[in-house]
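Visitor: I'd like to ask you about the structure that follows.
The values are calculated or read from the model by the stated rules, or taken from the named source; none is laboratory data. Keep in mind that what you see is a predicted model, and the values were worked out from it rather than measured. No Cβ is skipped: glycine too gets one built from the backbone with ideal geometry, and neighbour counts run over all protein chains shown.
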């Protein structure tokens, strides 16, 4: 387990995500589509402009020692996560929209003004600005103030409780945490909430995926994630079922379309109003023309890519906003593989094909650099791009760098087509703003993309909590990205789990971290 400790304020690794809601549930968690659902809270009331969220707790909720769980526990937990001595980057970001949260974490305020205990069963969060997606950030498991409330936050990490939470409110009690081996939980007796069928849970910790898959194959574990290239082999196993669902992480190619002027602003010293970045790239003007980016989309056979790169275990996407269904533009171009159309657009952009079949722009060959973190999947995608774009005479150089160097390499302009994964774009249409809004890091520092209309739609979307209102806004934002293609949108891979025969009720989530979301329905026959 790479995460530190076993309490929610240090939530970061998969084993923690699997265990935490079973012991220390949060106000909200996530369902199979990675959408927020009520967990500890029974309901939430949201005001008209999405600046106030009022949660109701169950009256019968109690800690494992019999003490009632109240809104005071919620307030204590949120303030602890924001405490300057904890210095949590995760919760500092997730809870930054709460009025006063930033100031409290900086140590310039003595309390968080936007956290209000209304009564024992009611807590309200007042935000400094509209945020319809606030429920995506309230997955902070609630801690018992009776146990930790009188301890100086600077001393919290020294407490045995952080690695052995013996007072819990979820359907399972903590039994044992053996570092590097397992987390053991046991079904509560006389649990106050919805009962579970599973008596014991062992979350096994593996240092290598090969060991985990061997344990799955032998029947030593009931369920484990499997990769796309292993799907076919496991589907042929008679002792296992393979469950799949579409991921919220999309595979895309960010296009570095920055102009000379944009790079000039980024390289200008900070004291002169720039960003002071050491960018050495010479821009390629045709990348700034959306028609050339459309050429790339038309020349990359998306259906074949899914077979070649994802073993058929993926769905095509045509915009950064490709889910949920209500947020997707109804008339998005699918950019079906069409070399004739691609060649016609190339000519319109000013790219010609010479007698050797090479694409030429202003007397120079069109050569693009594909940049990605090191790894087999990255290499395969690069080789696929070489194969596909060679049909138009476009050359692709492959540059693979260490993951630790990847972001700086992208900012420096080491790539023209930059592999993007792990972006959670499918969770909510608002996530796309983190990449494509004018002031977003990737848009500003890498892609050179800015569309004020897109930003306006995103702002309106965040101010509307009801889906009926949001579905009038986001399809237009989806269509903008589909037309302008600041990235080449490839596919959403499936999330796959191998499940031992006789283990029933599992409904895989679009985010593997949320696998245990419906554990009340699990059973072993």
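Visitor: Across segment 298-324, what is the number of residues that are farther than 22 Å from residue 228 by Cα and modelled with pLDDT under 95?
Guide: Result for segment 298-324: 1.
Visitor: Just checking, which of 523, 509 is more than 26 Å from residue 418 (Cβ to Cβ), touching a residue at least 12 places away in the same chain (Cβ under 8 Å) and crowded, with 22+ Cβ neighbours inside 10 Å?
Guide: Among 523, 509, only 509 is more than 26 Å from residue 418 (Cβ to Cβ), touching a residue at least 12 places away in the same chain (Cβ under 8 Å) and crowded, with 22+ Cβ neighbours inside 10 Å.
Results for (1) in contact (Cβ under 8 Å) with a residue 60 or more places away in the chain; (2) outside the structural domain of residue 418 (by TED's automatic domain parsing), shown as yes or no for each residue.
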position: 200; (1), (2): no, yes
position: 204; (1), (2): no, yes
position: 211; (1), (2): no, yes
position: 219; (1), (2): yes, yes
position: 232; (1), (2): yes, yes
position: 235; (1), (2): no, yes
position: 243; (1), (2): yes, yes
position: 258; (1), (2): yes, no
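Visitor: Starting from segment 59-76, take each residue that is more than 13 Å from residue 171 (Cα to Cα) and list its partners that are at pLDDT 95 or above and part of a helix (DSSP H, G or I), counting only C-beta distances under 7 angstrom and pairs at least six apart or across chains.
Guide: 67/146; 72/145; 73/145; 76/145
Visitor: Let me spell it out: the conditions are (1) on the phi < 0 side of the Ramachandran plot; (2) in contact with a helix residue (DSSP H, G or I) (Cβ under 7 Å, 6 or more places away or on another chain), and residue 448 meets all of them except one. Which number is the exception?
Guide: Every condition holds for residue 448 apart from (1).
Visitor: Just checking, which of 354, 428 is surrounded by fewer than 16 Cβ atoms within 10 Å (Cβ to Cβ), farther than 22 Å from residue 228 by Cβ and assigned by TED's automatic domain parsing to the domain that holds residue 304?
Guide: After applying the criteria, what remains is 354.
Visitor: Suppose the filter is closer than 30 Å to residue 217 by Cα and touching a strand residue (DSSP E or B) at 6+ places or on another chain (Cβ under 9 Å); does residue 427 pass it?
Guide: no
Visitor: Moving on. Can you tell me which residues in segment 193-204 are modelled with pLDDT of 95 or more and either surrounded by 13 or more Cβ atoms within 10 Å (Cβ to Cβ) or touching a helix residue (DSSP H, G or I) at 6+ places or on another chain (Cβ under 6 Å) (or both)?
Guide: Matches in segment 193-204: 193, 196, 197, 198, 201, 202, 203, 204.
Visitor: Moving to a separate point now. Within segment 451-486, which residues are part of a loop (DSSP other than H, G, I, E, B) and either in contact with a helix residue (DSSP H, G or I) (Cβ under 7 Å, 6 or more places away or on another chain) or outside the structural domain of residue 331 (by TED's automatic domain parsing) (or both)?
Guide: 451, 464, 471, 473, 485, 486
Visitor: For residues that are without any contact (Cβ under 8 Å) to a residue 24 or more places away in the chain and either under 18 Å from the mean Cα position of the chain (by Cα) or over 14 Å from residue 163 (Cα atoms) (or both), tally how many sit in segment 3-36.
Guide: Result for segment 3-36: 3.
Visitor: Within segment 85-122, restricting attention to residues that are surrounded by fewer than 19 Cβ atoms within 10 Å (Cβ to Cβ), without any contact (Cβ under 8 Å) to a residue 40 or more places away in the chain and under 22 Å from residue 159 (Cα atoms), which residue is nearest to the chain's Cα centre (by Cα)?
Guide: Per the stated criteria, the residue is 89.
Visitor: Restricting to segment 310-346, name every residue that is part of a helix (DSSP H, G or I) and either in contact with a helix residue (DSSP H, G or I) (Cβ under 6 Å, 6 or more places away or on another chain) or surrounded by 13 or more Cβ atoms within 10 Å (Cβ to Cβ) (or both).
Guide: Those that are part of a helix (DSSP H, G or I) and either in contact with a helix residue (DSSP H, G or I) (Cβ under 6 Å, 6 or more places away or on another chain) or surrounded by 13 or more Cβ atoms within 10 Å (Cβ to Cβ) (or both): 310, 326, 327, 339, 341, 342, 343, 344, 345, 346.
Visitor: Among the listed residues 410, 372, 359, identify the single one that is touching a residue at least 60 places away in the same chain (Cβ under 8 Å), closer than 29 Å to residue 307 by Cβ and in contact with a strand residue (DSSP E or B) (Cβ under 8 Å, 6 or more places away or on another chain).
Guide: Answer to the check: 410.
Visitor: In segment 167-225, what residues are outside any loop (DSSP other than H, G, I, E, B) and more than 19 Å from residue 15 (Cα to Cα)?
Guide: Selection gives 217, 218.
Visitor: When you look at residue 244, is it at pLDDT below 95, within 28 Å of the chain's Cα centre (by Cα) and outside any loop (DSSP other than H, G, I, E, B), yes or no?
Guide: No: the conditions fail for residue 244.
Visitor: Taking the condition of being free of Cβ contacts under 8 Å to residues at least 40 places away in the same chain and closer than 24 Å to residue 351 by Cβ, how many residues in segment 305-336 meet it?
Guide: Total meeting the criteria: 2.
Visitor: When you go through 390, 409 one by one, which is the residue that is outside any strand (DSSP E or B) and farther than 30 Å from residue 275 by Cα?
Guide: Going through 390, 409 in turn, just one is outside any strand (DSSP E or B) and farther than 30 Å from residue 275 by Cα: 390.
Visitor: Can you find a residue in segment 380-387 that is surrounded by 19 or more Cβ atoms within 10 Å (Cβ to Cβ), in contact with a helix residue (DSSP H, G or I) (Cβ under 8 Å, 6 or more places away or on another chain) and not in a strand (DSSP E or B)?
Guide: Looking through segment 380-387, at least one residue is surrounded by 19 or more Cβ atoms within 10 Å (Cβ to Cβ), in contact with a helix residue (DSSP H, G or I) (Cβ under 8 Å, 6 or more places away or on another chain) and not in a strand (DSSP E or B).
Visitor: Give me the residue from segment 431-450 that is touching a residue at least 24 places away in the same chain (Cβ under 8 Å) and not in a helix (DSSP H, G or I) and, out of that set, surrounded by the fewest Cβ atoms within 10 Å (Cβ to Cβ).
Guide: Out of the qualifying residues, it is 448.
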